[in-house]
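Take a look at the structure set out below.
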Amino acid sequence: MGTMTKPQFKGKRYRLDKPELLAPAGNLEKLKFAVHYGADAVYIGGQKYGLRSGADNFTFEEMREGVEFAKKYGAKVFVATNIYAHNEDIAGIEEYLRNLYEAGIAAIIVADPVIVDTALRLVPGLEVHLSTQQSTLNWQAVSFWKQEGLPRVVLGRETSLEEIAEIKQHVDIEIESFIHGAMCSSYSGRCVLSNHFTDRDSNRGGCCQSCRWKYDLFEDGRPEGTWVSEEDQAVAPQALQPGVTQLPLHQPEDNPFSMGSKDLCMLESIPELIEAGIDSFKIEGRMKSIHYVATVVNAYRKAIDAYMEDPEGYVLKPEWLEELQKAANRPLNTGFFYDTPDHEDHIYEPEEKAAPYDFAGLVLEYDAESGMALVQQRNNFKPGQEVEFFGPDDTFFKQTVGELWDEAGNPLDVARHPLQRVRMKVDQPVAYFDMMRKRK
C-alpha cells in the first residue's frame, strides 16, 4: 500500500491523545488481568443482550466490582449489548440499561437501532458505541451514526486501512477497529450455519463456530431431480436416502476440512494504524484464556507505548511477536487492512495449535531478601521443569523449577492442586500478578 498522509483531526473528543487499547474480559478475573497487563478499557458481556452466551459473563454485582477495580488503574469498562433483537428480546431492556448505568459502566456496544434509541433516550450518561455487527464500512454511514448522537463507531472487519484514514478525514468521531483475534468466515458475523446445524442463533449470542468443524465431501448418488425433505437434509449425506450410495470425494487418507479463517494480527502495523487515526485498538477474545488475554495485551501495550514515546525511532521488537506466538491458537494474518483475504487466508487442513504454553502459576508475593515467591498454581508443575516468568513491568526470564514447599513448609514433589499456594525460589525478582508458564 502506498504512503498515506496523516489525517488532520478536529475536536478533542474525537481524537484520543493516545490510542486506547481495548481488551476482552469473559469474567471478572480476566478483567483484572487485562487491566493489570495494560488495557485502557475492557469490554464484557452481561447476562442478556450480548453475542458471547458461552462466556461466563457478568452479574450487575460483578460489573460494579469490575468498574471499581478498573477505576483504580484509570481504565474503563464497556458492555456488549450487540444482539439483533427479536420482539421477545425487547422486554426488560430499559431496566437493564438503567442497571448498567448505575453500575458505573462507561459505554455499551450496540448493533440494534432500537437499543441505540432506547439508550440515548433513557440513559444519556451512558455512551453508545456502534457495534461491528452493523458492518459500517464508509464515511457517510459513520456520519449518519454521528448525527444520531453516537461518539464512537466500531468499524466492520472488512474495512481497509486506506478506508479508515478516509473516514477519519471526513468525520470527527472516534473509530474503533479490531486489530487482533479470531475472524469470522462470513461477512461481519452474518453467518447462519450455526442456526441451521444446531439451532443456535449466531446473532443472538449462540454461534457454535460451525466454520471450524471438520467436514467431508460426498457426491450425491441419487437420480437427478430427486426430492429430499428438510429433515433428510439435516442428517449425514450417506443417510439421505437408504440404499443409494453416496460417493466420497475425499480419499480415505485425506483429512476432513474446515473453512475457518486465520486469526488477525496487526502488531507489525502499529505505526500505520496510529497514523490512520484509529482511536481504539480492539482485541477479540472474551472466550479466550487468562494467559491469552495477558500475553496479547502485554505485547500490544509495549508496542503502542514505544511508538508514542518515539515515533521516529520506533522499532518493532522481535520478542513482542514471539510472545504473541505463545498465545496464538491459529495461524495469523492481516485480515482486510491491506488487501482482500483469499483462499490462503483460510484454514482447510486440521489446525496445528500454535500455542505450546500453559499458564502454570500466578505470583502472589515476593520476598527480595530470600528470593522466594509465593505462587498460586494454575496448572501442574514440578521440580526440574523449565518455566518462564513474565509480567507487565518488563519481567521476563526462564528458569528451572527447584524445590517446592507448601505454605506450612512441607516439601512437595509436584504442585498438583488447583489454586494451591506454593513457595519456590526464583532466579530474578518478580512482582504481584506476574505469570509463570510452562511448555505443554
If you build a Gaussian network model of the chain, linking Cα atoms that sit under 10 Å apart, which residue out of 130, 419, 150 swings the most?
419
For a quick check, take a GNM of the chain with Cα springs below 10 Å and name the residue from 192, 315, 297 with the largest mean-square fluctuation.
315
Pairs 72/398; 48/288; 214/382; 32/438: which are spaced more than 27 Å apart, C-alpha to C-alpha?
72/398; 214/382
In the chain, carbon and sulfur make up what percent of the accessible area (probe 1.4 Å)?
48 percent
Is it possible to state the helix-based mean residue ellipticity at 222 nm for the chain, with each DSSP H run of 4+ residues giving -39500 (n - 2.57), the sum divided by total residues, to the nearest 500 deg cm²/dmol? What is it?
-7500 deg cm²/dmol
For segment 283-377, with +1 on Lys and Arg beta carbons and -1 on Asp and Glu, the positive-most of 377, 292, 320 along the dipole:
377
Which order, highest average first, do 85-97, 421-433, 274-286, 17-29 follow once you tally other Cβ atoms within 10 Å for each residue and take the mean per peptide?
274-286, 17-29, 421-433, 85-97
Probe 1.4 Å, accessible area per residue of the chain, Å²:
48 Å²
So which chymotrypsin sites (Phe, Trp or Tyr not before Pro) in segment 133-203 end up in coil per DSSP with only 16 or fewer other C-beta atoms within 10 Å?
187
So for segment 88-187, taking the charge dipole from beta-carbon charges (+1 Lys/Arg, -1 Asp/Glu), which of 179, 101, 153 sits furthest toward the positive end?
179
Under a Gaussian network model of the chain whose springs join Cα atoms within less than 10 Å, the largest fluctuation of 260, 149, 335 belongs to 149
Student exercise, the chain dipole from Lys, Arg, Asp, Glu Cβ charges, in Debye to nearest 20
960 debye
Could you sort 188, 370 by their accessible area in this structure, using a 1.4 Å probe and putting the largest first?
370, 188
DSSP-defined beta bridges in the chain - what % are antiparallel, rounded to 5:
55 percent
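The values are calculated or read from the model by the stated rules, or taken from the named source; none is laboratory data. Bear in mind that the values here come from a model prediction, so they are computed numbers and not experimental data. Every residue, glycine among them, receives a Cβ derived from its backbone with ideal geometry; neighbour counts consider all protein chains shown. Just the protein is used for accessible areas: all its heavy atoms, side chains included, with ligands, DNA and RNA removed. Shrake-Rupley method; radii C 1.70, N 1.55, O 1.52, S 1.80 Å.
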